[in-house]
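Report on one structure; see the data block that follows.
The values are calculated or read from the model by the stated rules, or taken from the named source; none is laboratory data. No experiment lies behind these values; they were computed from the predicted model shown. Here the Cβ positions follow ideal geometry from the backbone for every residue, glycine too, while neighbour counts run over all protein chains shown. Just the protein is used for accessible areas: all its heavy atoms, side chains included, with ligands, DNA and RNA removed. Shrake-Rupley method; radii C 1.70, N 1.55, O 1.52, S 1.80 Å.
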Amino acid sequence: MDALPFPYPTSLVDPFARPITYLRVSVTDRCDFRCVYCMSEHMEFLPKRDLLSLEELDRLCSAFIGLGVRKLRLTGGEPLVRRNLMSLVRSLGRHLDSGALDELTLTTNGSQLATHAADLYAAGVRRINVSLDTLDEAKFRAVTRWGDLKQVLGGIDAGLAAGLKIKINTVALRDVNEHEIPAIAEWAHGLGMDLSLIETMPLGDIEGDRTDQYLPLSLVRARLGERWSLDDIAYRTGGPARYVRVAETGGRIGFITPMTHNFCESCNRVRVTCTGTLYMCLGQEDAADLRAPLRASESDQPLVEAIRDAITRKPKGHDFVIDRRAAKPAVGRHMSMTGG
Ligand code: SAM
Ligand code: SF4
């Protein structure tokens, strides 16, 4: 029996006085795409037995919610390829009903969205992020290696029709989509969707050279500013994006700039992998194993203690560098491990 009162008496605050209110959980390391900046073509995935079960993921997320997490994002790998994921989403929805959680959301590549959009909405999900780097079919296939643009666009249509608010996440890639960004913004804004632009981060070995992909958003923003009038706005979604409103389209563009602008000072988040490893910072190696305490006891006490202990080690910030001389990525694990 779990003797702990829920929610737990004290919530999570790190050594730099940042309250931890946002948890991202990778529910699988697998994916039906192989995006060039994210995965190598021949990825080796974890044996299924190493993954947390859906019940364990529920316990883990619920422990964090008991400790003050108000926003929960499911990610991956591709969350919607995890079998029976919807049962976890429905079950976590109880924390929305109770008021313990403000938002349950997910980041998806959209390939399976047409099937799940209505169920997501019914479970209490209201906003999702869909990643899409280009509206050109051939380029889409080249970037994702295995993806089908039409299927993703169909998923987005289904999501909007189900009542989900969708934000498009686009990784800015030198040569690949750098000149398409205004067209993507016009398309997204035309459908009432915000757009967030992301810089590539040096996470995990991939086949290509990251310095060839990297496009600083400062440059993208300057180019957009020549075309449109961009007003800085205070809008925040709990994430690290800084937003502008585009006067001409009426829509918002967010800039997530881990490389050119350090956003660590306001970091309120931690990440858990699909094997139950807690990373206190996306850009650092220090981690805490939560699977052992989760499996050690039916009580959540050891788990809650392990989480509290780990948060005392949350670092002040990361130090990503994309450097041609460095043979290795700054952080060895892929984004699909830690969850984007
Ligand atoms: N499969 C889902 C998707 O693509 O939306 C969720 C997981 S994916 C790892 C989450 C986000 O991370 C995506 O928007 C993706 O573009 C981004 N991403 C992956 N690898 C990245 C990298 N090395 N640098 C920056 N963003 C990356
Ligand atoms: Fe899969 Fe998302 Fe990584 Fe692309 S970015 S390979 S869709 S996990």
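Remarks
- Residue under evaluation Asp50, criteria (1) more than 10 Å from ligand 1 (Cβ to nearest atom); (2) touching a helix residue (DSSP H, G or I) at 6+ places or on another chain (Cβ under 6 Å), criterion not met: (2)
- Of residues in the range 171-208 being open to solvent by 20 Å² or more (accessible area, probe 1.4 Å) and at pLDDT below 90, the one nearest to the chain's Cα centre (by Cα): Met201
Table: residues versus (1) in contact with a strand residue (DSSP E or B) (Cβ under 8 Å, 6 or more places away or on another chain); (2) closer than 26 Å to Ile311 by Cβ; (3) within 16 Å of ligand 1 (Cβ to nearest atom).
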| position | (1), (2), (3) |
| --- | --- |
| Arg18 | no, yes, no |
| Thr28 | no, yes, yes |
| Phe33 | no, no, yes |
| Val36 | no, no, yes |
| Met39 | no, no, yes |
| His42 | no, no, no |
| Glu55 | no, yes, no |
| Arg82 | no, no, yes |
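- Breaking point among (1) touching a Pro at 6+ places or on another chain (Cβ under 6 Å); (2) within 28 Å of Asn177 (Cα to Cα), for Val27: (2)
- Selection count where residues are open to solvent by 60 Å² or more (accessible area, probe 1.4 Å) and not in a strand (DSSP E or B), scope the range 209-234: 9
- The range 146-155, subset outside any helix (DSSP H, G or I) and surrounded by 15 or more Cβ atoms within 10 Å (Cβ to Cβ), residue nearest to ligand 2 (Cβ to nearest atom): Gly147
- Hey, Arg141 surrounded by fewer than 19 Cβ atoms within 10 Å (Cβ to Cβ), within 16 Å of ligand 2 (Cβ to nearest atom) and free of Cβ contacts under 8 Å to residues at least 24 places away in the same chain or not: yes
- Which listed residue is open to solvent by 30 Å² or more (accessible area, probe 1.4 Å), modelled with pLDDT of 95 or more and away from ligand 2 (no atom under 16 Å from the Cβ), from Ala327, Ala292: Ala292
- Test: residue in the range 80-92 that is hydroxyl-bearing (Ser, Thr, Tyr), modelled with pLDDT of 95 or more and under 22 Å from Ala292 (Cα atoms): no
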